[in-house]
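*Asks:* Below is a structure I'd like to ask you about.
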Amino acid sequence: MSKQRPIGIFDSGLGGLTVANAVYRKLSKEQLIYFGDSAHLPYGDKSAATIQAYSVKICDVLLQKGCKLILIACNSASAAAFELVKAYVGSKAKVLNVIDPVVNYVADKYTGKHVGLIGTKQTVGSGVYEYQLKLKDPTIRFSALATPLLVPMIEEGFHNNNISEAIIEQYLSDPILQGIDTLILGCTHYPLIKDEINNYYQGKIEVIDSSVIVAEALEKYLEEEGLSAENLAADHEFLVSDITPSFEKAAELFFGRKVPLQKHILWE
Ligand code: DGL
């Protein structure tokens, strides 16, 4: 497989751009093709079967673009569709998700401790973080809370204000999350409110933003597989299945710099 082929990264919308940005910063020689399924977001309150159907369609696009590896940059899709996507893609490309690197990091660092998670209904309801963590370390205590208001809140631009502070406080003060030693941000939208979550905990616990951990795991994986690109082969591409005037602005917020979005319809 050619090392110079691009890396495909997909999410339900723009949240996965936080992961794409961490990859872009760490792996400057890799060409990225991002796909945000903005026509079908949010994934977090859809059934696993629906998320699987969308994920497979997106993989077709990324495979057509010649991606050597597909990174599922959405926790909800990682939880619902990783195994299916891997089987579907077969030997055409490697497939990674955003959950496994975080599970490895947490299992190493927080053995025997109380680990908290916030995420969408799909991610929390799937139980995948707890299952994977307990496989690695049965002594870990795990508590998870679905926080479905956070994605629309972030997408509507409500962060660093009174409303976001009140919603975050309401969720994090839930009895389920009391006494945790660390909190996993189990949704790729949440890095945008990491500072506010850190403020809530006043730095007393580690708030885990998966984007950097995922980028590091990706770098290691490419090296191990002999798939690291030697130089940037072509420009990055940012595809979305629907586009509105506010998207470009939101994309800039998630990616940390301007990105030229192109519309690519998944279904006619
Ligand atoms: N970015 C998605 C995730 O990581 C959540 C957004 C959505 O519900 O579509 O789970």
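The values are calculated or read from the model by the stated rules, or taken from the named source; none is laboratory data. None of the values given here were measured: they were computed from a predicted structure. So basically every Cβ, Gly included, is an ideal-geometry build from the backbone, and we count neighbours across all protein chains shown. Accessible surface is based on the protein model in full, side chains and every heavy atom, while ligands, DNA and RNA are left aside. Shrake-Rupley method; radii C 1.70, N 1.55, O 1.52, S 1.80 Å.
A quick yes/no check of all residues on (1) β-branched (Val, Ile, Thr); (2) over 27 Å from Glu252 (Cβ atoms); (3) without any contact (Cβ under 8 Å) to a residue 12 or more places away in the chain:
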| position | (1), (2), (3) |
| --- | --- |
| Thr18 | yes, no, no |
| Arg25 | no, no, no |
| Lys29 | no, no, no |
| Pro42 | no, no, no |
| Lys46 | no, no, no |
| Leu71 | no, no, no |
| Asn75 | no, no, no |
| Ala87 | no, yes, yes |
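*Asks:* Can you tell me which residue among Thr111, Thr50 is more than 14 Å from the ligand (Cβ to nearest atom) and farther than 15 Å from Ile7 by Cβ?
*Replies:* Details: Thr50 fails: more than 14 Å from the ligand (Cβ to nearest atom).
Only one candidate passes the filter, namely Thr111.
*Asks:* All but one of (1) in contact with an Asp or Glu (Cβ under 7 Å, 6 or more places away or on another chain); (2) among the aromatic types (Phe, Trp, Tyr); (3) without any contact (Cβ under 8 Å) to a residue 40 or more places away in the chain hold for Tyr54, so report the exception by its number.
*Replies:* (3)
*Asks:* Within region 135-145, identify whether any single residue is closer than 13 Å to Thr120 by Cβ, open to solvent by 10 Å² or more (accessible area, probe 1.4 Å), within 16 Å of the ligand (Cβ to nearest atom) and in contact with an Asp or Glu (Cβ under 9 Å, 6 or more places away or on another chain), and answer yes or no. Before the answer, list the steps.
*Replies:* Step one: of region 135-145, the residues closer than 13 Å to Thr120 by Cβ are 144-145.
When the remaining residues are screened for being open to solvent by 10 Å² or more (accessible area, probe 1.4 Å), the result is 144-145.
With within 16 Å of the ligand (Cβ to nearest atom) added as a condition, the list becomes 144-145.
From the residues that got through so far, the ones that are in contact with an Asp or Glu (Cβ under 9 Å, 6 or more places away or on another chain) too are 144-145.
The answer is yes, given that some residue of region 135-145 is closer than 13 Å to Thr120 by Cβ, open to solvent by 10 Å² or more (accessible area, probe 1.4 Å), within 16 Å of the ligand (Cβ to nearest atom) and in contact with an Asp or Glu (Cβ under 9 Å, 6 or more places away or on another chain).
*Asks:* Can Asp235 be described as among the charged types (D, E, K, R), part of a loop (DSSP other than H, G, I, E, B) and either open to solvent by 60 Å² or more (accessible area, probe 1.4 Å) or touching a residue at least 60 places away in the same chain (Cβ under 8 Å) (or both)? Working first, answer last.
*Replies:* Values: among the charged types (D, E, K, R): yes; part of a loop (DSSP other than H, G, I, E, B): yes; either open to solvent by 60 Å² or more (accessible area, probe 1.4 Å) or touching a residue at least 60 places away in the same chain (Cβ under 8 Å) (or both): yes.
When the stated conditions are applied, Asp235 passes them.
*Asks:* Taking Ser12 as meeting all but one of (1) surrounded by 24 or more Cβ atoms within 10 Å (Cβ to Cβ); (2) more than 18 Å from Glu248 (Cα to Cα); (3) within 13 Å of the ligand (Cβ to nearest atom), write down the number of the exception.
*Replies:* (2)
*Asks:* Another question, if that's okay. At pLDDT below 95, away from the ligand (no atom under 16 Å from the Cβ) and either more than 15 Å from the chain's Cα centre (by Cα) or polar (S, T, N, Q) (or both): which single residue out of Ser28, Ser2, Ser38 fits that description?
*Replies:* On the way: Ser28 fails: at pLDDT below 95; Ser38 fails: away from the ligand (no atom under 16 Å from the Cβ).
Going through Ser28, Ser2, Ser38 in turn, just one is at pLDDT below 95, away from the ligand (no atom under 16 Å from the Cβ) and either more than 15 Å from the chain's Cα centre (by Cα) or polar (S, T, N, Q) (or both): Ser2.
*Asks:* Consider Val207 carefully, then state whether it is of a type in the set (A, V, I, L, M, F, W, C) and touching a Lys or Arg at 6+ places or on another chain (Cβ under 8 Å).
*Replies:* Numbers: of a type in the set (A, V, I, L, M, F, W, C): yes; touching a Lys or Arg at 6+ places or on another chain (Cβ under 8 Å): yes.
Yes: the conditions hold for Val207.
*Asks:* How many of the residues making up region 186-239 are closer than 23 Å to Gln64 by Cβ and touching a Pro at 6+ places or on another chain (Cβ under 6 Å)?
*Replies:* So the count comes out to 0.
*Asks:* Right, here's the next one. What's the number of the condition Ala250 fails, among (1) open to solvent by 30 Å² or more (accessible area, probe 1.4 Å); (2) assigned to a helix (DSSP H, G or I)?
*Replies:* Single failed check for Ala250: (1).
*Asks:* Scan region 59-99 for residues that are part of a helix (DSSP H, G or I), open to solvent by less than 50 Å² (accessible area, probe 1.4 Å) and away from the ligand (no atom under 13 Å from the Cβ) and jot them down. Let's see the steps before the verdict.
*Replies:* Going through region 59-99, the residues part of a helix (DSSP H, G or I) turn out to be 59-64, 75-92.
Cutting the leftovers down to open to solvent by less than 50 Å² (accessible area, probe 1.4 Å) gives us 59, 61-63, 75-82, 85, 89-90.
Cys59, Val61, Leu62, Leu63, Val85, Val89, Gly90, listed by residue number.
*Asks:* For residues that are in a helix (DSSP H, G or I) and either touching a helix residue (DSSP H, G or I) at 6+ places or on another chain (Cβ under 6 Å) or surrounded by fewer than 24 Cβ atoms within 10 Å (Cβ to Cβ) (or both), tally how many sit in region 15-30.
*Replies:* Initially, region 15-30 is screened for residues in a helix (DSSP H, G or I), giving 17-26.
With the extra rule that they be either touching a helix residue (DSSP H, G or I) at 6+ places or on another chain (Cβ under 6 Å) or surrounded by fewer than 24 Cβ atoms within 10 Å (Cβ to Cβ) (or both), the set shrinks to 17-19, 21-26.
Number satisfying all stated conditions: 9.
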